[in-house]
Each structure stands twice: as structure tokens, then as C-alpha cells.
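What follows is a short report on a single structure.
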Amino acid sequence: MSEWGGLPDWVGQRSRAAGPPDREVRFEMAAKAIAASILRNRPIAEGGSGCPVVVEGINDEKALRALGFSGTIEKVNRGWDRARLVAYLHSTHCFSRPPDGGPSLILLMDWDRTGGKLQTSLRDRLMALDAPIDEGLRMILLRAMKPEGRTVESLLPHSQLLEPIIQGVLDEVG
């Protein structure tokens, strides 16, 4: 028995770096959601829906590109006020529906407090203009990747683990 109060010796010896025991399940869930969004984000000419992903900044875009996103990625941090950004996103991307019939934009802010406030603000303003928004990827990443980080750019160090799963899903589809 160990100092953990009557538990077997192996309890407490597991490395913290290994993460929670369900890490494989969480990474698989995250990778499948990422793969579905990659398919929606691909340009129409490449068989995708051409649905842009809206992220906070350049490092978020770099992380998504490393994961395999090839379509349009719009950044919030471009020096515009929120009203101008919403008007631009609506006029550029929301007048026609993607070929898959899904929402016109994938909104992917960080899953920290600031990202949550920004997500809510952009979603509410865009939905007030009858622009459908896809928030599914953020909701899944919030649950699956929170122990590893709270930002989109925190996905980058895990891209080598996520990429084979993502590629497997993409190969099944296409």
C-alpha cells in the first residue's frame, strides 16, 4: 500500500505529463471534429464547402494550417472594431450558403474567458444579421483539449498526435 491512503502502490505513480487516462479518447474526439471542419473549410474547387474559419490571430491561423486547414481563415485581430469586422464577415461570407447546406462561418475563438466573451459577442452580432454560425468545433475542443491548453494555438504542440487520426478520417471520407 502507498501513502495515498490504502490505495495500491501504482496509484499516484503515473506521470502527470501522461495527462488524464482518457487522453486517447479525447484526442480522437478532437481529431474527428477537426477533420470535419477541415472538410468544410476546403475550397469548393478541392471538394470542400469553402466555409471560412474565424480565429483570433495569426498564431491561431498557423496552428490550423499545421493541422491541415487549407481554406480561408479570417482573423479577428486586424485592427478593426467589432462592428466593422462583423459587417465584413457578413458581406463577404454570409450571403450565400455553402454547398453542404451548413452554416456560413466556423467561429473558433479560444476556450478561455476572453475567447468565450469574444465568441459570444461575434455569434450574437452575426446571428442578429441572420448569419448561421458553426460553433461545434469550439465546443468539442473546449471539452477535449482543455487539460492541454485553452487556446487554438495550444493545439500546435499536439499536431503530431492529432494528425494521423485526422488523416485517417479524411482518408475514409475522400
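The values are calculated or read from the model by the stated rules, or taken from the named source; none is laboratory data. Note that the structure is a prediction, hence the values are computed from the model and not measured. Please note: Cβ atoms are built from the backbone with ideal geometry, for glycine as well, and neighbour counts cover all protein chains shown.
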request  = Select, from ARG125, ARG65, the only residue that is out of contact with any Asp or Glu (no Cβ under 7 Å at 6 or more places or on another chain), basic (Lys, Arg) and under 20 Å from ILE34 (Cβ atoms).
outcome  = ARG65
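Within the range 118-150, work out how many residues are of a type in the set (Gly, Ala, Ser) and buried (at least 17 other Cβ atoms within 10 Å of the Cβ).
If we filter the range 118-150 for residues that are of a type in the set (Gly, Ala, Ser), which is where we start, we get 121, 128, 131, 136, 144, 149.
Okay, now just the ones that are also buried (at least 17 other Cβ atoms within 10 Å of the Cβ), so 131, 136, 144, 149.
Total meeting the criteria: 4.
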inquiry  = Tell me the residue from GLU61, GLU74 that is surrounded by fewer than 19 Cβ atoms within 10 Å (Cβ to Cβ), outside any helix (DSSP H, G or I), of a type in the set (Asp, Glu) and at pLDDT 95 or above, please.
reply    = GLU74
ask   = Out of the range 94-117, which residues are assigned to a helix (DSSP H, G or I), touching an Asp or Glu at 6+ places or on another chain (Cβ under 9 Å) and either without any contact (Cβ under 8 Å) to a residue 12 or more places away in the chain or surrounded by fewer than 20 Cβ atoms within 10 Å (Cβ to Cβ) (or both)?
value = THR114, GLY116
remark   = Given (1) surrounded by fewer than 19 Cβ atoms within 10 Å (Cβ to Cβ); (2) farther than 19 Å from ARG42 by Cβ; (3) among the hydroxyl-bearing types (Ser, Thr, Tyr), SER154 misses just (1)
task = Mind listing just one residue for me: the one in the range 21-40 that is acidic (Asp, Glu) and part of a helix (DSSP H, G or I) and, of those, surrounded by the most Cβ atoms within 10 Å (Cβ to Cβ)?
result = GLU28
ask   = Looking only at the range 41-54, which residues are in contact with a strand residue (DSSP E or B) (Cβ under 6 Å, 6 or more places away or on another chain) and among the aliphatic types (A, V, I, L, M)?
value = VAL53, VAL54
request  = Please specify each residue of the range 127-167 satisfying the condition of being outside any helix (DSSP H, G or I), over 20 Å from PRO103 (Cα atoms) and among the β-branched types (Val, Ile, Thr).
outcome  = THR151, VAL152
ask   = Quick one: would you say ALA33 is within 19 Å of GLU148 (Cβ to Cβ) and at pLDDT 95 or above?
value = yes
ask   = How many of the residues in the range 33-72 are under 14 Å from GLY102 (Cα atoms), among the β-branched types (Val, Ile, Thr) and within 13 Å of the chain's Cα centre (by Cα)?
value = 2
